[in-house]
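Encoded as C-alpha cells, the structure appears first; notes follow it.
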Amino acid sequence: MAIPKTLKEKANKAMGISAEDARITKTYLFVAFMALLIGGLLGLLQGLNRAGLLELPSWLNYYQVLTAHGLLLVVVLTAFFTIGYFYAALSHTLGGLLPIVRKMAWIGFGLKIVGFVFAVIPILMGNASVMYTFYPPMAASPWFYIGLALIVVGVWICAFGAFIQVANWRKNNKGKHVPILSFFATGVFILLFFGSLPVAIEVIVMIIPWSFGWVKTINVMVARTLFWAFGHTLVNIWYLTAVSAWYVIVPKIIGGKRWSDLLTRIVIIALVIMNITGGFHHQIIDPGISASVKFMHVFMSLAIGFPSLMTAWAMFAVFERTARKNGGKGIVGWYKKMPWGDVRFLAPFIAMLAFIPAGAGGIVQSTNQLNQVVHNTMWIVGHFHLTLGMSVVMTFFGISYWLVPYVSKRVLTPAINKLGVIQTLIWTVGMIIMSGSMHTVGLLGSPRRTSYTTYGDNATALGWDPYLLMLAVGGTLLIIGVLLQVYAVINMMFFAPKGETEFPIAEEEEGASKTPYWTERWGLWIVIMLIFVGMAYVIPLTEFIVNAPPGSPPFKTW
C-alpha cells in the first residue's frame with residue numbers, strides 16, 4: 001500500500017539529511033558562491049575596462065582578468081554547485097550517501113581545490129592569459145594545464161561516486177525506478193564524465209607535453225576539436241542541471257504536481273544521447289572541416305531543441321493547471337495566481353523565460369551564414385551571458401534559497417526572501433542591459449576578447465562606445481546582485497534561525513501513465529550516445545591526424 005503523501009513528507013522532514021552529507025553539500029556550495037563573488041568582481045573590472053572607463057594596473061591586465069573570470073564562473077561555480085546540489089539530491093532520495101561515496105566526494109573536492117590553485121597562480125603571475133578556452137597555439141604555463149587536469153579528475157571521482165550510489169540503490173530496489181532527481185543526477189554525471197574525456201585527452205596527451213617543450217608542435221585542429229567536444233557538452237550539463245529544478249522542484253514550490261514522469265525521463269535521455277555530438281557548430285568557420293560534417297553537428301545541436309520544447313510545454317502546462325486550481329481564470333489571467341513574491345519560484349521562472357531568446361541566439365550561431373556575421377564578436381559573449389548568466393545561474397540562485405537552509409538546518413526568513421526578490425530583479429535588469437548591449441554591439445562588429453581600444457579613433461570603433469557604456473552599467477548592476485546573493489547565502493548558511501526546511505520534490509500528477517522500465521537502461525543509452533559520437537568525430541579526427549598540418553609551436557601573445 002502506498003504511504004500517504006503527508007506521512008511520507010513528515011518522515012522525510014523528521015529524518016532530514018545526515019550531518020556528514022550536509023557538510024559535503026554546504027562546503028561545495030560555499031566554494032561555488034565564493035567563486036561567484038570573486039569572479040563577479042573580476043567581471044566588473046573587465047566590463048569597466050572594456051567600456052574605456054577604467055585602466056587596469058600593469059600587474060593585472062585585461063586578459064588575466066578575463067581568464068580568471070572565465071575559470072571561476074564557467075568551471076568553479078558551475079562544477080561545485082552542480083555536484084553539491086546533486087549530492088544532496090542523491091542523499092535525500094536514495095536514503096543517505098554511502099561512506100565510500102562521501103569519501104569520494106571529499107577526495108574529488110580536494111583534487112579540484114588543488115587543481116584550481118595550480119591553475120590560478122600562473123594566471124596571477126601573468127603566465128596563463130589564454131582565456132578559459134585555452135586554444136593552441138597560445139600556450140600557458142604547464143602548471144595551468146596540470147591544474148585543469150586535476151579539476152577534471154576531481155569531477156570524475158565525484159561522478160563515479162554518484163554512479164556507485166545509484167547502482168547500490170538499484171541493487172537493493174530491483175524493478176523500481178530510480179527517483180527522478182537521482183535520474184537527473186545520473187544523466188548529468190554521465191555527461192560530465194564522457195564529455196570531459198576529450199578535453200582530458202587534449203590537455204594531458206597533447207597540451208602538457210607541448211607546453212613543457214617535450215614536443216615542438218601541436219596539431220591545432222585536433223586540439224580545438226577535442227576542446228569543443230567538451231565545451232559544447234558543458235553548456236548543456238548546466239542546462240540539464242537547471243532543467244532538473246524546473247521539472248521537479250518548481251512545481252512543488254507553487255503547490256502543483258510534476259508533469260509526466262515518462263516525458264521527463266525521455267527528455268533526460270535525449271539530452272544525454274545528443275549532447276556531445278554537436279561540438280563542430282562552434283567551429284563553423286574553422287578550415288579543414290567538411291561542410292557535411294559541420295552540417296551533421298549543426299543538426300544534432302538543433303535537435304536538442306526538441307526536448308527543450310517538450311520542457312517548455314510541460315512547465316507552462318504545470319503553471320496553468322496549478323494556477324487554475326488556485327482560482328485563476330481567463331486565457332492568460334491565471335498568471336496572477338502564481339507566487340511572484342516567492343524567490344524560489346521567481347528566479348527560476350525568469351531563468352526559463354530567458355532561455356527563449358538564449359535558445360534563439362543559439363540557432364543563429366548554428367547557421368552558417370549568420371555565424372559568419374557574429375562569430376568572434378561581442379554577440380557571442382552576450383549569448384553566453386544570457387544562457388549561463390540568466391537561464392542557469394538564476395536557477396542556481398532560486399535553488400539556493402531552499403537548498404542552503406535545508407543542509408544548514410535553518411529556515412528562509414521573510415526578510416531574506418524579500419532580499420532575494422530584489423536581488424532577482426536587479427540581476428534581471430542588469431543582465432538584460434549588459435547582454436542586450438553585447439548582442440547589439442556585436443552586430444556592429446565589436447570583437448570579443450579584446451581590451452578597450454578606439455583603433456586609432458576609427459569612426460566605426462567610436463560608434464561602439466555608447467553600447468560599451470551600457471555594458472558597464474549592466475555589469476555594475478550585476479555586481480550589486482552578486483553581493484546581495486552572496487550575503488543571502490552566507491546568512492542562510494550561518495545566521496538564519498534554526499529550523500527544518502523541506503527538500504521540495506513534486507509528486508507526479510494523478511492518473512499519469514506508468515513509466516516503462518526501459519527508461520532505466522542506461523547501458524543502452526550510453527552505447528547509443530557513443531555510436532553518435534563515433535559517427536560525428538571518428539572520420540574528421542582521423543582526417544586531422546592522418547593528413548595533419550605541420551603543427552604549431554607554442555606562442556605567448558601577451
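The values are calculated or read from the model by the stated rules, or taken from the named source; none is laboratory data. Because the structure is predicted, anything quoted here is derived from the model rather than measured. No Cβ is skipped: glycine too gets one built from the backbone with ideal geometry, and neighbour counts run over all protein chains shown. Areas reflect the complete protein model, heavy atoms only, side chains present, ligands, DNA and RNA absent. Shrake-Rupley method; radii C 1.70, N 1.55, O 1.52, S 1.80 Å.
For this structure, a couple of remarks:
- The chain: calculated mean residue ellipticity at 222 nm from DSSP helix runs of at least 4, using -39500 (n - 2.57): -22000 deg cm²/dmol
- Exposure check, 1.4 Å probe, all protein chains in place: PHE384 carries approximately 50 Å² of accessible surface.
- Centre separation in Å (Cα based) which lies between region 42-84 and region 384-436: 20 Å
- Between THR377 and ARG448, the built amide H atoms are under 5 Å apart, and every one of these is 5 or more places off in sequence or on another chain.
- Computed with a 1.4 Å probe over protein heavy atoms only, the accessible area of LEU262 comes to about 40 Å².
- Cα lying deepest toward the dipole's positive end in the chain, options HIS92, TYR247, TYR132, charges on Cβ: HIS92
- Linear extension gain, ASN326 paired with ILE201, 0.36 nm per residue minus alpha-carbon span: 39.6 nm
- FRET efficiency, 1/(1 + (r/R0)^6) with R0 35 Å, evaluated for ALA312 and VAL486 via beta carbons: 0.70
- Estimated vicinal HN-Hα couplings, Hz - region 279-291 in sequence order (Karplus 6.51, -1.76, 1.60; Gly, Pro = x): x, 5, 5, 7, 10, 4, 9, 5, x, x, 10, 5, 4
- Helix 465-490 vs. the chain, principal-axis angle (Cα, 0 to 90°, nearest 10): 40 degrees
- Relative contact order (%) - the chain, alpha-carbon pairs under 8 angstrom, separation at least six: 19 percent
- Share of carbon and sulfur in the accessible area of region 235-389 stands at 72%, probe radius 1.4 Å.
- Euclidean distance between Cα centres, region 111-157 to region 277-331, Å: 32 Å
- With the alpha-carbon atoms of the chain aligned to their principal axes, the span from lowest to highest coordinate is 71, 49, 44 Å, starting with the largest.
- Mean Cβ count within 10 Å, highest first, over the residues of peptides 80-89, 373-382, 353-362: 80-89, 373-382, 353-362
- Across region 401-558, counting alpha-carbon atoms alone, Rg and Dmax equal 25.5, 69 Å.
- When VAL411, VAL117 are compared by accessible surface with a 1.4 Å probe, the order from highest to lowest is VAL117, VAL411.
- Per-pair calculated FRET efficiency, R0 = 25 Å: LYS257 and GLU500 via Cβ, rounded to 0.05: 0.60
- Taking all protein chains together and rolling a 1.4 Å probe, THR217 ends up with roughly 60 Å² accessible.
- Carbon/sulfur fraction of accessible area - region 436-477, other protein chains in place, 1.4 Å, %: 64 percent
- In nm, spacing of pseudo-spin labels at TRP106 and ASN376 (7 Å Cα→C-beta vector): 4.9 nm
- Over 20 Å [Cα-Cα, region 40-130], rounded percent: 50 percent
- Pair ASP286, ALA548: separation of 7 Å Cα→Cβ label points (nm): 1.6 nm
- Largest-first principal axis extents, alpha carbons of region 242-297, Å: 53, 19, 12
- By the rule of a C-alpha distance below 21 Å, with chain neighbours fewer than 8 residues away ignored, the lysines paired with LYS498 are LYS10, LYS13, LYS26, LYS409, LYS418.
- Heavy-atom accessible area per residue - the chain, 1.4 Å, Å²: 40 Å²
- Over all pairs of different C-alpha atoms in region 265-348, the reciprocal of the mean inverse distance, the Kirkwood hydrodynamic radius, equals 15.7 Å.
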